[in-house]
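First up is the structure itself, then whatever we jot down about it.
The values are calculated or read from the model by the stated rules, or taken from the named source; none is laboratory data. These figures come from a predicted structure and were not determined experimentally. For neighbour counting, all protein chains shown are included, and Cβ atoms are generated from backbone atoms with ideal geometry for every residue, glycine included.
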Amino acid sequence: MSSSIEKPAPRSLGGLILPLILIGLGVAFLLANLGYLPPISIRAIADVWPVVLILIGIEVLLGRRQPLLGLGLQLVVLALAVAIVASQSAGLLTSAAATTSSETVARDGATALALDLDGQAGDISITGGASALVETRSTGGEVRVTSDREGGTARVEVKPRHELVLPFQGLRTDLDVALASDVPTSIKLDIGAGDVRLDLRDLRITSVDLDAGAGDISITLPTPQGEVAVKVDAGAADVTIEVPSGVEARVTVAGGVVTLESTNSRLVVSDRVAETAGYAVASSRVTVRIDGGAASVHIR
């Protein structure tokens, strides 16, 4: 009596493709973030999606019968796809090249300004002294500046263009904004990781609302006309508040703020509040509230 042992069917190696793709993308993103490769364009990745169909077709055709051959062809297809895309101007490893651009918003009779600034990673600077209503200069990723009018108020939005790069890729956009010094202005900022410098001493500020992640934050308070509220919500940040001579101000910290210290002799620090002597009776004053995660606050 004879018995036969059936040979097991060849095992497909196609299951290695997805892990290889993930590992390759992870290495590419890591090298790009460390500066060894230019930024990776999400558009370039989307452009090569048909390669997935080719890989699936090879797996269906050869995955079971000739797994090694199938795996080899899949690797060749992946290598060719990367090579082709990398050779294009908007390729996989081509920089969404750091560019410098400027935008201007004309006054056009505006009697008030509401500035809304959205940022990703990068340094942000806001100062006065603009001849126009708003003047911006960005380096790195491009930004979009839009404006509309509501009565005499100009509402200006400064935001990154959405088609740039993957959000975790690490492209910085450094932005310098100059505002008209003689127009009452409210400022709202939503910033990711990066340094923020607000020199408001020459501006007619009505309010400031700043939401920031990690980085250094420096705010020079304005000379107020009436009550001016400055609100800061910071993550792991080092916050410096400069109180110019003659400005009455109170700085209150809350949340997980680690330290509050002052080298400005005009302010008296008590518990989590620092206040100038004339703040309580002043009709024009600045009220600062800082909510932080692991933030430290310095007043000078």
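Structure data summary
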quantity: Subset tally (residues that are crowded, with 21+ Cβ neighbours inside 10 Å and either part of a strand (DSSP E or B) or touching a residue at least 60 places away in the same chain (Cβ under 8 Å) (or both)) for segment 137-157; calculated: 5
quantity: Residue satisfying all of: in segment 203-224; at pLDDT 95 or above and either in a loop (DSSP other than H, G, I, E, B) or outside the structural domain of residue 124 (by TED's automatic domain parsing) (or both); surrounded by the fewest Cβ atoms within 10 Å (Cβ to Cβ) among these; calculated: 223
quantity: Identity of the residue in segment 251-300, outside any strand (DSSP E or B) and free of Cβ contacts under 8 Å to residues at least 24 places away in the same chain, that ends up surrounded by the fewest Cβ atoms within 10 Å (Cβ to Cβ); calculated: 265
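Every residue, every condition in (1) modelled with pLDDT of 85 or more; (2) under 23 Å from the mean Cα position of the chain (by Cα), yes or no:
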position	(1), (2)
64	no, no
67	no, no
74	no, no
88	no, no
97	no, yes
106	yes, no
149	yes, no
